[in-house]
Amino acid sequence: MITLKSDLRSEPDLAIAALVHGVVSDLLHAHKYAYAHFPEFVDLAVIATGLGVLQSNLDFVSQSPSFWDTTQWRMIPRPFLDSQGVVYANAIVAWTRDEKTPLWSEGLEPELKRTMLKSLKFLNKTGDSFFQPKTSAKLLDQPQGKWLEMTDSKSLSTQIIAVRHLQNDDTAIAETQAALANKLRSDSEPVLLNAISASEQVVDVGETVVEELRFLTQHRDHVVRAKAMCALTRLGQLDDRTLQTAGEMLGSKMKHVIYAGLSALSSLGSVSDHLIPAINRSFVRSLQVCDYEFVNLFAAAFTKWLDDPKTHVEELLREDSPEYMEIALEAIDNVGEQLVGLG
């Protein structure tokens, strides 16, 4: 679905936008670009080729969840760029062309233009971007030791790129662990999020990194908190304190925070009795708001934790919420059928 912004309301305008998008998409496919099938990458390419003014005045609305993990771009790309992404992409294009106040910016919607010029001013003043037209290609071929050095760069963008290039290196295990732990203490949330992602890719993260991740499950930012919990789950580093935090997450109003807590608890073969009340409350709340995705996740967890999940659900819902009984029991039956099908 496309929602028009500013004065672009005619069918010819839409046809031109579609034509530009199609031409750039064909160009990417012709050059065998690996991510040409992702609309967001095509949007970036449209802007980079100088054809993005019209595209920037169209708001592409997707039905994807409101939460999107910025550190997982290649694995889980957005359907289209959001307004912030469009603004920054335009600023980067102008900056790489040494355009202080590009004439083409007059064609942008006023709000986009104002924010883009502000971003461009920042880039012209600081140069804080890992992307450098003349040198970026060579930078990607650096040895691991150089990436470790760059994690201490004054440039936040360089720090982020460097930490994402940290790999398992038998000759620099301690240095890699120290660099990760340092980035997990950063005041910058983008650095934190990317450091958490990086920690999931390193086989031997070390106890210090694990402790930093556990500390981050209490972070003020809900995205950092949820991502740290998911990382600990994937690393198999859930201790009693972290599991208590996971139980508390089930009471959140943020779906991704609830998911992080439930994912952590679901990774276990059983849960402590003191966590059951929080689990039950969150399960009933999912039924009340008809969030069947979570209902099914809870049902799958119950079948893993309990010998008789149906009896548990019946006792939970019989007095206060009998109207949800059929839905809950059906979800548990469906878990069983899926397991049989997989077998």
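The values are calculated or read from the model by the stated rules, or taken from the named source; none is laboratory data. Source: prediction; values computed, not measured. With ideal geometry, Cβ positions are generated from the backbone for all residues, glycine too; neighbour counts draw on all protein chains shown. Note: accessible area is taken over every heavy atom of the protein model, side chains too, but ligands, DNA and RNA are not part of it. Shrake-Rupley method; radii C 1.70, N 1.55, O 1.52, S 1.80 Å.
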Check your understanding: Once fully extended, how much extra length lies between Lys100 and Ala30, figured as 0.36 nm per residue of separation less the alpha-carbon to alpha-carbon distance?
Key -> 21.9 nm
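How large is the dipole of region 138-249 about the Cα centre if only Lys and Arg carry +1 and Asp and Glu carry -1, each at its Cβ, rounded to the nearest 20 debye?
Values: 12 positive and 17 negative charges, 82 e Å.
Using Cβ point charges on Lys, Arg, Asp and Glu, region 138-249 gives about 400 debye.
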Review point. Each label point is 7 Å from the Cα along the Cα-to-Cβ direction; what then is the distance between the points at Thr49 and Asp170, in nm?
Key: 4.7 nm
Review point. Which value in nm describes the separation of the simple spin-label points at Gln142 and Thr311, placed 7 Å from the Cα toward the beta carbon?
Key: 6.1 nm
Practice item. Please give the solvent-accessible surface of Tyr292 in Å², to the nearest 10, using a probe radius of 1.4 Å with every protein chain present. Key: 110 Å²
Revision key, fill the gap. Cα-based Rg and Dmax for region 269-342, in Å, come out at 11.6, 35
Check your understanding: With each label point set 7 Å from Cα along the Cα-Cβ vector, what nm distance links Leu268 and Gln72?
Key -> 2.3 nm
Review point. Stretch Ile276-Met325 to full length: gain in nm at 0.36 nm per residue minus the Cα-Cα span?
Key: 15.8 nm
Review point. Of Lys32, Lys253, Lys113, Lys227, which has the most accessible area and how do the rest follow, probe 1.4 Å?
Key: Lys253, Lys32, Lys113, Lys227
Point to revise | Three principal axis lengths of region 138-249 [C-alpha, angstrom, descending] | key: 46, 27, 16
